[in-house]
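Written out below as structure tokens is the structure these notes cover.
The values are calculated or read from the model by the stated rules, or taken from the named source; none is laboratory data. Predicted model, so just to flag it, every value in this text is computed and none were measured. Methodologically, a virtual Cβ is constructed for each residue, glycine included, from the backbone with ideal geometry; neighbour enumeration extends over all protein chains shown.
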Amino acid sequence: MTNITQRIDATVQSAINEKRLVGAVIAVMQDGQLAHFKAYGQADREAGRAMQEDAIFRLASISKPIVTAAAMAMIEKGKFALDTPVTDFLPDFKPKSPDGSTPVITIRHLLTHTAGLSYDFLQPLDGPYNTIPVSAGIAGNVTMEENLARMVQAGLTFPPGAAWLYSVSIDVLGAVMAKAEGTDVEGAVQKYVCGPMQMTDTSFFVTDAARLAQPYSNAAPEPVRIGDDFKQPFVPGCGPINLGVSRAFDRTAFQGGGGCMNGKAMDIVRMLDAIRAGGGPILSEASTKQMMSNQVGPLRILFDPTGNTAFGFGGSILLDPAASGSRLSPGSWQWGGVWGHSWFVDPTRKTTIVNLTNTTLEGMAGQLPGDIQKAVFDA
């Protein structure tokens, strides 16, 4: 057993013993080689089903770097450009700014979350994304056309390019990709990313339910089982994150590029590490450098109060790790997923870490992600 495995084993087992976590699959690649890959705990606590290395997870926002990589591949093929207006493909998508004007929203705005769009869980309960409502894509079965129309009705929170706000923009991007490719979002992603990377278990719909991890939410004295219509508190003063387990099997619900995919840890770590290493079979090195560098200038993401995190394409860019209390190197690329996931790409150390868990919010924003970083880099 390697030192890195011993440290990660101890870290994850501590989280399970303390009832912060039900189960997880942790994958680490260093310099292009698999340094750690292991399943922990239970995939379904009530059924007594142990977690397996090939477990499938609802990915939530880990969908975003996959869909973003597909979009970057389509840009390389000339399907559209960063500064292409969204209305070139979605002519009715014309949400208004607060001043009543109808600004141009570009592909770049969508990729960087600077379009002025939002999420329901980032607005108060009486905000338009909650009252209309606009789906975040992780519960319910609204169609793509209906959800786009609801976004237009809700309007923008600021003019495109004026600020950074996490949003449904990657769902809109998926709709653009589908139009440009003449297929659905699944078809575009399979053609440009999942097919070339042989990500056979990464899809918008689950067909192998026996391998799908059951999700849980942190609570005392132990995590509680998540079903349909589950309300996960997230930002104080804002609406909850609406979660639903049935959506993974619903082919009538829209294929939201921002949070509707499902997949396994090995597929995700291989794809992210291919981007770190220069793009592999899916992208040029120039595109991967764009994805892993600051694309928002002086703007900073709202989830880091220290102001040390910008945004690239598909994930955030950590500018000053020490000031943020992180062990990552400057320029590291990272993000997570609300079902309980986190990932980190450290180009300086040539290290990629993927934590897929079935416990929210611990696996995304709890103690575990930082503890895994410590275990990897101390080793």
**Prompt:** Since PHE57 meets every condition but one in (1) closer than 30 Å to THR112 by Cα; (2) surrounded by fewer than 20 Cβ atoms within 10 Å (Cβ to Cβ), which condition does it not meet?
**Reply:** (2)
**Request:** Take the stretch 1-26 and flag every residue that is part of a helix (DSSP H, G or I) and not hydrophobic (A, V, I, L, M, F, W, C).
**Result:** ASN3, THR5, GLN6, ARG7, ASP9, THR11, GLN13, SER14, ASN17
**Selected residue [over 16 Å from the mean Cα position of the chain (by Cα), closer than 22 Å to GLY366 by Cβ and at pLDDT 95 or above] from LYS264, LYS231** = LYS231
**Fill in**
Taking the stretch 252-265 and keeping only residues that are over 19 Å from LYS191 (Cα atoms) and either among the basic types (Lys, Arg) or surrounded by fewer than 21 Cβ atoms within 10 Å (Cβ to Cβ) (or both), one is left with THR252
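Which residue, of PRO281, PRO236, is free of Cβ contacts under 8 Å to residues at least 12 places away in the same chain, part of a loop (DSSP other than H, G, I, E, B) and more than 17 Å from the chain's Cα centre (by Cα)?
Numbers: PRO281 fails: free of Cβ contacts under 8 Å to residues at least 12 places away in the same chain.
Testing whether each residue is free of Cβ contacts under 8 Å to residues at least 12 places away in the same chain, part of a loop (DSSP other than H, G, I, E, B) and more than 17 Å from the chain's Cα centre (by Cα) leaves just PRO236.
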**Request:** Please tell me if GLN334 is free of Cβ contacts under 8 Å to residues at least 40 places away in the same chain, within 26 Å of ASP54 (Cβ to Cβ) and not in a loop (DSSP other than H, G, I, E, B).
**Result:** yes
**Request:** For the stretch 344-355, state whether one or more residues are in contact with a Leu (Cβ under 6 Å, 6 or more places away or on another chain) and charged (D, E, K, R).
**Result:** yes
**Fill in**
Condition set at negative phi and without any contact (Cβ under 8 Å) to a residue 60 or more places away in the chain, scope the stretch 299-311, selection farthest from the chain's Cα centre (by Cα): answer is THR306
**Asked** Among helices (runs of 4 or more DSSP H) lying entirely in the stretch 81-188, which contain 2 or more residues that are in contact with a Phe, Trp or Tyr (Cβ under 8 Å, 6 or more places away or on another chain) and more than 24 Å from GLY340 (Cα to Cα)?
**Response** 144-154, 169-181
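Look through the stretch 60-94, keep the residues that are farther than 19 Å from GLY312 by Cα and in contact with a Ser or Thr (Cβ under 8 Å, 6 or more places away or on another chain), and return whichever of them is surrounded by the most Cβ atoms within 10 Å (Cβ to Cβ).
Among those that are farther than 19 Å from GLY312 by Cα and in contact with a Ser or Thr (Cβ under 8 Å, 6 or more places away or on another chain), it is VAL86.
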**Prompt:** Quick one: would you say ALA154 is modelled with pLDDT of 95 or more, out of contact with any Asp or Glu (no Cβ under 9 Å at 6 or more places or on another chain) and either more than 19 Å from PHE313 (Cβ to Cβ) or hydrophobic (A, V, I, L, M, F, W, C) (or both)?
**Reply:** yes
**Complete:** All-but-one check, ILE138 against (1) buried (at least 22 other Cβ atoms within 10 Å of the Cβ); (2) modelled with pLDDT of 95 or more, failing number (2)
